[in-house]
Amino acid sequence: MINNPRNLLWMLPLLLFATSPLWQPSVSAFLAPRGGYNPKLAQPQDESPMQNFVMDSVAITMTTNGMEEWQIDAERAYTGEQDHEIEMEQVSAMYIGTEKEPINIESRKGTYLIDKRHLVLTDHVKVVKPTQNQVMLSERLEYDDASKMLVSPGKVFIQAPDMKLNAGRMDYDFSTEGFDFTNRVKVNL
């Protein structure tokens, strides 16, 4: 018999070695990596040249033929889901061109597509023409700088001193200053 308990310590590794054929297959199966080998994962991925960013207090200026037309300010801006896309929060856009009357636009969210020069404003959009005392409310507003079109695909509400207008889709052409409304236009004079 073993009189010294210290000698029992040497028996434990011997016992593990002797019983290893019983427990080794299940332990090695448990520790084996799951799934197959994918050689594409072993190769380094090409990094996109665009880098992610988050900025506070951002100002974007849109120009046409060297003339400043729009000043877009946002409390916060960050990269979008696609390349050349900027997502914005608490957006304020102002028409600062000299050819037309001033226009101020506010919204909670916005997206600016850099390569298309396309501005999309969403979530409580408010358009104000201060010289005519007009206010327009919508949930979505899109401005395409190439065609100079301002489009609200959803319902719009316009209020002026002597008029209230409810309509569906609205198209506003900056070059002709003409409106086009669809889907049951209702005007109160």
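The values are calculated or read from the model by the stated rules, or taken from the named source; none is laboratory data. Because the structure is predicted, anything quoted here is derived from the model rather than measured. All Cβ positions, even for glycine, are placed from backbone atoms using ideal geometry, and neighbour counts span all protein chains on display.
Among the candidates Glu106, Glu87, which residue alone is assigned to a strand (DSSP E or B), of a type outside the set (Gly, Ala, Ser) and out of contact with any Leu (no Cβ under 9 Å at 6 or more places or on another chain)? Please lay out each step first, then the result.
On the way: Glu106 fails: out of contact with any Leu (no Cβ under 9 Å at 6 or more places or on another chain).
After applying the criteria, what remains is Glu87.
Quick one: in the stretch 19-40, of everything that is aliphatic (A, V, I, L, M) and surrounded by fewer than 10 Cβ atoms within 10 Å (Cβ to Cβ), which residue is farthest from the chain's Cα centre (by Cα)? Even if it seems obvious, please write down each step before you answer.
First, the residues of the stretch 19-40 that are aliphatic (A, V, I, L, M): 22, 27, 29, 31-32.
Narrowing further to those that are surrounded by fewer than 10 Cβ atoms within 10 Å (Cβ to Cβ): 22, 29, 31-32.
On the way: Leu22: 57, Ala29: 45, Leu31: 42, Ala32: 41 Å.
Checking each candidate, the answer is Leu22.
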- Across (1) assigned to a loop (DSSP other than H, G, I, E, B); (2) at pLDDT 75 or above; (3) surrounded by 10 or more Cβ atoms within 10 Å (Cβ to Cβ), Met50 clears everything bar (2)
- Residues of the stretch 56-101 being of a type in the set (A, V, I, L, M), within 16 Å of the chain's Cα centre (by Cα) and surrounded by fewer than 16 Cβ atoms within 10 Å (Cβ to Cβ), in sequence order, are none
- Residue among Glu106, Glu101, Glu85 that is charged (D, E, K, R), touching a residue at least 24 places away in the same chain (Cβ under 8 Å) and under 16 Å from Thr61 (Cα atoms): Glu85
- Which of the residues that make up the stretch 109-138 are within 15 Å of the chain's Cα centre (by Cα) and either exposed (fewer than 15 other Cβ atoms within 10 Å of the Cβ) or not in a strand (DSSP E or B) (or both)? Ile114, Asp123
- Query: With (1) at pLDDT below 90; (2) under 20 Å from Pro102 (Cβ atoms); (3) part of a strand (DSSP E or B) as the list, and Leu141 as the residue in question, which single condition is left unmet?
  - Reply: (1)
- Message: Step by step: first the residues of the stretch 17-47, then only those that are at pLDDT below 85 and of a type in the set (A, V, I, L, M), then the one that is nearest to Glu89 (Cα to Cα). Which residue is that?
- Response: Leu41
